[in-house]
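The values are calculated or read from the model by the stated rules, or taken from the named source; none is laboratory data. Just so we're clear, the structure is a prediction, and the values are computed from it rather than from any experiment. All Cβ positions, even for glycine, are placed from backbone atoms using ideal geometry, and neighbour counts span all protein chains on display. Heads up: the accessible areas ignore ligands, DNA and RNA and are worked out on the full protein's heavy atoms, side chains in. Shrake-Rupley method; radii C 1.70, N 1.55, O 1.52, S 1.80 Å.
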Amino acid sequence: MSAAVIREARPDDLDALVYIEDHSRPGGNWNRRNLECEVLVAGSIVLVAEKDEKAVGLLVAWRVPPDELHVLELAVLPDYRRQGLAQQLMRQAIVLDRQGVWLGACM
């Protein structure tokens with residue numbers, strides 16, 4: 001198995017993000033519209049964890065001034081759990097927060 005890649009989510013990831021959400025827990029909390037809003041809004045961090053070029057995890061977070069990072073969602077597909085992916089997603093979100101990097105674009 002290859003190493004995980006943690007990257008910014010893009011609009012073309014939406015199908016994969018919905019799949020992760022739907023399969024991570026029955027009756028997942030986030031629907032396509034919720035995820036789409038977060039991917040497109042400035043001020044949100046939406047990250048994807050990829051293994052073998054497949055999206056297998058996601059993280060959605062907001063910065064709450066003055067110094068808080070609020071994680072709204074963290075999900076990893078069941079077959080990819082216990083591999084440290086959630087931890088990698090959290091670490092990358094913290095790095096981006098500390099650097100003042102906020103992903104997304106106002107539409």
Suppose we keep only residues that are at pLDDT 85 or above and under 12 Å from Asp97 (Cβ atoms) within the stretch 45-68. Which one would you say is most open to solvent (accessible area, probe 1.4 Å)?
Trp62
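Results for (1) touching a Lys or Arg at 6+ places or on another chain (Cβ under 6 Å); (2) acidic (Asp, Glu), shown as yes or no for each residue.
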residue: Asp15; (1), (2): no, yes
residue: Val18; (1), (2): yes, no
residue: Arg32; (1), (2): no, no
residue: Lys51; (1), (2): no, no
residue: Val56; (1), (2): no, no
residue: Pro66; (1), (2): no, no
residue: His70; (1), (2): no, no
residue: Leu74; (1), (2): no, no
residue: Arg98; (1), (2): no, no
If I filter the stretch 25-44 for residues that are closer than 17 Å to Arg91 by Cβ and either assigned to a strand (DSSP E or B) or at pLDDT 85 or above (or both), do I get at least one hit?
no
Being open to solvent by 60 Å² or more (accessible area, probe 1.4 Å), at pLDDT 90 or above and of a type outside the set (Lys, Arg) narrows Gln88, Gln99 down to just Gln88
β-branched (Val, Ile, Thr) and in a helix (DSSP H, G or I): does that describe Val48?
no
More than 20 Å from Arg98 (Cα to Cα), free of Cβ contacts under 8 Å to residues at least 24 places away in the same chain, touching a helix residue (DSSP H, G or I) at 6+ places or on another chain (Cβ under 7 Å) and surrounded by 15 or more Cβ atoms within 10 Å (Cβ to Cβ) - does that describe any residue in the stretch 33-43?
no
Go through Asp79, Asp97 for me and flag whichever is in contact with a strand residue (DSSP E or B) (Cβ under 7 Å, 6 or more places away or on another chain) and acidic (Asp, Glu).
Asp97
Given the criteria among the acidic types (Asp, Glu) and either part of a helix (DSSP H, G or I) or open to solvent by 60 Å² or more (accessible area, probe 1.4 Å) (or both), does Glu21 qualify?
yes
Selected residue (only one of Ala16, Ala3 is open to solvent by 50 Å² or more (accessible area, probe 1.4 Å), small (Gly, Ala, Ser) and on the phi < 0 side of the Ramachandran plot)
Ala3
